[in-house]
Amino acid sequence: MSDVRYPFTAIVGMADLRLGLLLNAVSPAVGGVLVRGEKGTAKSTMVRALAGLLPSIATVDDCRFACDPAAPDPQCPDGPHDSPSSSERPSQLVELPVGVAEDRIVGSLDLERALAEGVKAYEPGLLARAHRGVLYIDEVNLLQDHVVDLLLDAAAMGRSYVEREGVSVRHAARFLLVGTMNPEEGELRPQLLDRFGLTVEIAATRDPAERAEVVRRRLGYDADPTGFAARFAEEERALAERITAARELLPKVELTDVALRQITAVCAAFEVDGLRADIVMARTAVALAAWDGRTEVLEEDVRKAAQLALPHRRRRNPFDAPGLDEEQLDRTLEEHAQQEEPEPEDDGPGPDGDGGGSDDGDGPEGGPDGGGPDGGGAPEPSDGGPEAPEAPSPEDPASDGPEAPAQPPVPAQHPAPTRESAPVAAGDPYRTRLFTVKGTGHGAQGRRSPAETTGGHTIRARRPQGALARLHLTATLQAAAPHQAARGRSGRALVVHKDDFREQVRQGRESNLVLFVVDASGSMAARQRMTAVKGAVLSLLMDAYQRRDKIGMITFRGSGAELALPPTSSVEVGAARLESLPTGGRTPLAAGLLRAHEVLRVERLRDPSRRPLLVVVTDGRATGGRDALAQSRRAAALFAAQGTASVVLDCESGPVRLGLARTLAGLLGGTAVSLDELRAEGVASLVRENRAADRSANRSTTSMRKAA
C-alpha cells in the first residue's frame, strides 16, 4: 500500500461528510463525527485524507505527550517544561484497531520494574499519541463497551487518567474523534451516540456518471499515487488555507440571542435528553459561520447544525433509525426567528398573546397552526408524518393495527398448507426476564451470562498468561515471601522474581449468541395471538440489544425452515425481519430445530468462545408428516446432548392446552416460559407475593407457638 494519502478534494460527492469533518477541523470543540454508512463508501478514505489538511503543530522537544510550548500541560508526566525548546510536526492521525486492549489505549505501567526496582515507568498509549491530532476508530460499534467508554470519556474531558496499583498518571488528551460504522453490524448505545458531536449518514451514489468518476479516480490513484496526488495538490493547499483562516476567524464570530434561542427551541422541540445537544449545535453553528467567512451566525447555520447534531440524539426506541423531521425543524426555526420584544398592544395577560409564542406553540395542540395535522410538535412514531393516512390499504389487514377486528384464526388442528396471512404488527415491547447460560464463559464482554472478562470483580489469581497486565499484589507477595531468605534479602526491599508475579482473574458478564427459532405456521396465525407473540419476540430482541448480544433468527412454516437472519450484531435488522414475517401453512418443527442445530454448529467454528442461547417460540405442535412430532423430539435431543442453553416461549392459548411446548422444553433440557411469565414485572410481583405469603405463614406459626 502506498504511503501517499488519497487527496481529500479528489473524493466524489458525500457533501455532508465532507462538511462535518471540515467543521471539526475548524473547531475541534464540536466533538467529532460519527459516520454511519454501508460498506464500500470511502468512509475510511475520507477520514485518513483529512489528516493531511490539518495545520502543523508546535510541540515541546522530547515530550511524549505533544505538549504545546506556548501552554505546556502542568500535569504532563514528562514535565515540568520550563522554557522548553520546540519544533513543528504534522498533526497525527492515530488509528484504533478493533481488537485493541485497554492498556494499549491509556498506556501501561511497567509493574515488574515498579515492584523490583521501585521506579514508576509509564509507557504512553494511543490517547497520548492522538493529543492535538485525530483519533480514528474504524467500526466503532464493534469495540467492547468498556473500551468505548474509556475513549469517549477522554474525548469529553480532554484528559486521560490511569489509576492502577496505587500509581496515578494524568495527561492531556484533546483530539478530533472520528468513528465509522456500518449499522448492519449493530448499533452504539444511546449514551455513546450522544458523545459524538455530529453524525452523518452516507450511502453510495446511484448516479452511473458519479459512480464511473469514482472508479476512474480510484484506478488512477492505484496506478500512480504520487502523480494522482500532484493533480490535486493546489486544491488541497487552498482547502488547508481555508481551514487555517476559519480557525483564526472563529473567536470573532458572534452567536446572537436570536440564533441561540432558535438552537434551544429546536433541541426542546425534538425532545433531546440533556443539554449537550444545545452546546454542540451552538459550536457547530459558530464553526459554520467561520467556515463561510462570516462573523455572525445566521438561521441557515442553525438549520445545518441541527441536521448534523440532532439525528442521533432525538428520543427514540432502540429500533428506530436516526432521523429528523425537516418540516418540524422549519416550523420551529420560523417561530423563533424574531427577537422577542414585549408589546402591550399585542401581548395580553391571556395565553393567546403573540410575544414569540414559543411555549404555546409546543403545547398539546400541536403547534402554532392549531391541532391540525400540519401543526407543530413531535410526529407520531407510527404515522410516518402527514402522509400516513394514505399509506394503509383496505385490502391489507396488517395496516389496521392491533385494534382492528381480528381475522378468523386458522384452526390449529387443520392448518392450511398453502394459505399465507399478511404480516401482523408486533405488540409494544416490554422489559423481559433475564435468561442466562449456565457456567462461566470466556466470550466477549457484555451484559448477559457470567464470564471471565477484563472488567468485573476479582475472583482469584493465576500466573500471567502473556504480558502482565493486572497485578494481583497480595498473591504476588505471598508467592515471593517464602523465598526471601534463600534470595539473600537484606534491608526492607522485597526480592521479587518474575516467577512470583500473579495476575488477577476477574468475573463479569459476557454477550451471547441468541438464536430465535420462530414458529410462523398456521397454528400461530390468529391475529391477536401473533401480535402478542411478535411483541414478546421484539421484547427479547430489545433485551439482546441492551445486553450487547449477537442474534440470529430462523422461521419455520409450510414445508421447511428458513434462516431469516444470519447471526449478526444488528438487532435492528432482526426487528425489521420480525415485523415483515408472514404466517400460514403447516408446522415443520423438526426442520426448524435441525436448521438451528446446523447454524450453531457453524457459529461454534467461527467463534468458539461465544456461547449460544436457543429461544424457541412455538405452541409445541408439529405437523407435516406421520411422525412429525417424533422427529421434532429427536431433533430436540441433539441440543440436550450438547448442553445448549435453551428457552421455550410457550405460545399455546385457549381453555384447552396440550402442554406440548413444555414437553419440548424438557426434551431440550431448557426452560419453558409462557407469554405472561415473560414480563419482568410479572415475575417481580410473583416473587413479592410469595415473600408476603411466607412472612404471613411465619407470623401464623409464631402466634401458634406462643399460644401453645
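The values are calculated or read from the model by the stated rules, or taken from the named source; none is laboratory data. Every value quoted in this text rests on a predicted model; they were computed, and no experiment measured them. Neighbour counts are summed over all protein chains in view; Cβ atoms, including those assigned to glycine, are modelled from backbone coordinates with ideal geometry. Just the protein is used for accessible areas: all its heavy atoms, side chains included, with ligands, DNA and RNA removed. Shrake-Rupley method; radii C 1.70, N 1.55, O 1.52, S 1.80 Å.
List of remarks:
- Tallying residues that are of a type in the set (Asp, Glu) and either over 13 Å from residue 552 (Cα atoms) or in contact with a His (Cβ under 8 Å, 6 or more places away or on another chain) (or both) within segment 592-630 yields 3.
- Close pairs (6 angstrom Cβ cut-off, 6 or more residues apart or separate chains): more than 16 Å from residue 428 (Cβ to Cβ) and modelled with pLDDT under 85 in segment 531-556, of a type in the set (S, T, N, Q) and crowded, with 24+ Cβ neighbours inside 10 Å anywhere: 548/511
- Failed item in (1) modelled with pLDDT of 85 or more; (2) among the hydrophobic types (A, V, I, L, M, F, W, C); (3) out of contact with any Leu (no Cβ under 8 Å at 6 or more places or on another chain); (4) open to solvent by 10 Å² or more (accessible area, probe 1.4 Å), with residue 150 passing the rest: (1)
- Selection status of residue 48, at pLDDT below 90 and surrounded by fewer than 22 Cβ atoms within 10 Å (Cβ to Cβ): yes
- The set of residues from segment 566-575 being under 26 Å from residue 532 (Cβ atoms) and at pLDDT below 85 comprises 570, 571, 572, 573, 574, 575.
- Every listed requirement among (1) modelled with pLDDT of 85 or more; (2) surrounded by 18 or more Cβ atoms within 10 Å (Cβ to Cβ); (3) not in a helix (DSSP H, G or I) is met by residue 328 save one, (3).
- Within segment 423-456, tally of residues that are of a type in the set (Val, Ile, Thr), within 21 Å of the chain's Cα centre (by Cα) and open to solvent by 40 Å² or more (accessible area, probe 1.4 Å): 1
- Of residues in segment 610-645 being without any contact (Cβ under 8 Å) to a residue 40 or more places away in the chain and of a type in the set (Lys, Arg), the one most open to solvent (accessible area, probe 1.4 Å): 626
- Of the helices (runs of 4 or more DSSP H) lying entirely inside segment 231-305, those containing at least 3 residues that are open to solvent by less than 20 Å² (accessible area, probe 1.4 Å) are 257-269, 276-291.
- Residue, most open to solvent (accessible area, probe 1.4 Å), within segment 651-670, restricted to residues that are touching a helix residue (DSSP H, G or I) at 6+ places or on another chain (Cβ under 7 Å) and more than 17 Å from residue 614 (Cβ to Cβ): 653
- Screening segment 181-207 for residues that are polar (S, T, N, Q) and more than 12 Å from the chain's Cα centre (by Cα) and picking the one that is most open to solvent (accessible area, probe 1.4 Å) gives 205.
- Some residue of segment 533-554 being under 34 Å from the mean Cα position of the chain (by Cα), closer than 23 Å to residue 666 by Cα and open to solvent by 40 Å² or more (accessible area, probe 1.4 Å): no
- A count restricted to segment 28-37 and to residues that are more than 18 Å from the chain's Cα centre (by Cα) and open to solvent by less than 10 Å² (accessible area, probe 1.4 Å) stands at 1.
- Check on residue 419, open to solvent by 40 Å² or more (accessible area, probe 1.4 Å) and modelled with pLDDT of 60 or more: no
- Residue check: residue 563 meets all listed conditions (1) open to solvent by 40 Å² or more (accessible area, probe 1.4 Å); (2) of a type outside the set (Lys, Arg); (3) at pLDDT below 90 but one, namely (3).
- Evaluating residue 455 against the criteria (1) under 30 Å from residue 582 (Cβ atoms); (2) at pLDDT below 70 leaves one unmet condition, (1).
- Which listed residue, of 206, 216, is over 29 Å from residue 31 (Cα atoms) and in a loop (DSSP other than H, G, I, E, B): 206
- Test: residue 23 is among the aliphatic types (A, V, I, L, M), open to solvent by less than 10 Å² (accessible area, probe 1.4 Å) and outside any loop (DSSP other than H, G, I, E, B): yes
- Condition check for residue 573: open to solvent by less than 20 Å² (accessible area, probe 1.4 Å), of a type outside the set (Asp, Glu), farther than 30 Å from residue 469 by Cβ and touching a residue at least 40 places away in the same chain (Cβ under 8 Å): no
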